[in-house]
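Where a number appears in this text, it was derived from the coordinates with a stated rule and is not lab data. The structure presented is a predicted model; accordingly, all values stated were derived computationally and were not measured. Note: ideal-geometry Cβ built from the backbone for every residue, glycine included; neighbour counts use all protein chains shown.
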Amino acid sequence: MVYGLCVLCAVLALAVLLLVWKIVLLRRSAQALRRGVQERLETDTNTLLSIPSRDRAMCRLASDLNGQLRLLRRERQRHQQGDQALKEAVAGVSHDLRTPLTAICGYLDLLEREEKSAAAERYLAQVRNRTDRLQELMEEFFQYTVTLSSEGGLVLEELSLNRAVEEALAAWYAVLTERDISPRVRLPDAPVIRRLDAAALGRILNNILSNAVKYSGGDLAVTLDEDGALTFSNSAPGMTPVLVQRLFDRYFTVETGRRAGGLGLCISRELAEKMGGEIAASCQEEVLTVCLRFPPP
């Protein structure tokens, strides 16, 4: 009797141990599947999911997940190829249009020197305006595709944000003066050094200042903190917190910025992120603030 109970207890204990071990293997398999799916969603790889368990249900689950991951990888590759083809097509079209546009602008320059009637002057001014607008759009499209292209590598070097801001403001001096905008600038005495691409940083600052000029109600404040936070603030009549959340969307423009192609700030965000920085905008009581920040090296 006692012997039988001991055997029964031993069998039950063995069964419990086997059950516990099976549960442990199932938990490990579930964790392995979770980590594996996450890794494969973040990276492009052909490796299949594997699990430590030989449980049929878990093996079927792993097999099904591998099948779905293969489909997802094919769709991702198809999307990337199509997206790259579109970028190259846009870049090619914008590049090809530069030659005839340059010729048109040249002939417009010659026509402007000729004697014309008042009506012809008005018509020619409209043609010039539309041609300049087309050139701006082609340049924005071209720069956008170059920015997103993997071939558009950046050359990082130590740059002074103080000096970059001063040079950008100097380049916009004539436009700011024409708009009766006297920027209030506050820069730290010590240079704020960051490893950045000079051309990319210049384009970012140029786009931000262009945006500020378009939306400004007549003022502009530029502040650079010692921690590398660069802010541009200006009154922006009609700007709302809802609109400001879309300023970095492709092709989005607000009513006062209809001349913009809607790519300037989008390009700035892409370039800032490529260099490890971030850019954001906020609006409070019709005051637009754009903040650009690059972490220290």
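Between residue 135 and residue 174, what is the spin-label point distance in nm, taking each point 7 Å from the Cα along the Cα→C-beta axis?
Label at residue 135, label at residue 174, 1.3 nm between them.
Which of the peptides 128-137, 161-170 is most tightly packed, and how do the rest follow, judged by the mean count of other Cβ atoms within 10 Å per residue? The partial results should precede the final answer.
Values: 128-137: 13.7, 161-170: 16.7.
In descending order of packing, they fall as 161-170, 128-137.
Using a 7 Å offset from the Cα along the Cα-to-Cβ direction at both residue 127 and residue 213, what is the distance between the two label points in nm, to one decimal?
If labels sit at residue 127 and residue 213, their model points lie 2.6 nm apart.
Please give, to one decimal in nm, the separation of the simple spin-label points placed at residue 89 and residue 185, each 7 Å out from Cα toward the Cβ.
4.4
How much length is gained if the chain between residue 42 and residue 23 is pulled fully straight, taking 0.36 nm per residue apart and subtracting their Cα-Cα distance, in nm to one decimal? Could you put the intermediate results ahead of the total?
Details: separation 19, 0.36 × 19 = 6.84 nm, distance 2.87 nm.
Separation in residues times 0.36 nm, less the Cα-Cα distance, equals 4.0 nm.
When ranked by the protection proxy of mean other Cβ atoms within 10 Å per residue, highest first, what sequence do the peptides 107-120, 219-232, 197-210 form?
Numbers: 107-120: 9.6, 219-232: 17.4, 197-210: 20.0.
Result, highest mean first: 197-210, 219-232, 107-120.
Along the range 20-33, what does the Karplus equation 6.51 cos²θ - 1.76 cosθ + 1.60 (θ = phi - 60°) give for ³J(HN,Hα), rounded to whole Hz, x for Gly and Pro?
Here the 3J(HN,Hα) series is 4, 4, 5, 5, 4, 5, 5, 5, 5, 5, 4, 5, 5, 5 Hz.
HN-Hα J couplings of the range 282-290 from phi, Karplus 6.51/-1.76/1.60, θ = phi - 60°, integer Hz, Gly and Pro as x?
Per-residue couplings from phi come out as 9, 9, 9, 6, 6, 10, 8, 10, 10 Hz.
Can you compute 3J(HN,Hα) from phi for each residue in the range 228-243, using the Karplus curve 6.51 cos²θ - 1.76 cosθ + 1.60 with θ = phi - 60°, rounded to whole Hz and x for Gly and Pro?
Taking θ as phi minus 60°, the curve returns x, 7, 10, 10, 10, 10, 7, 5, 9, x, x, 6, 10, x, 5, 5 Hz for the range 228-243.
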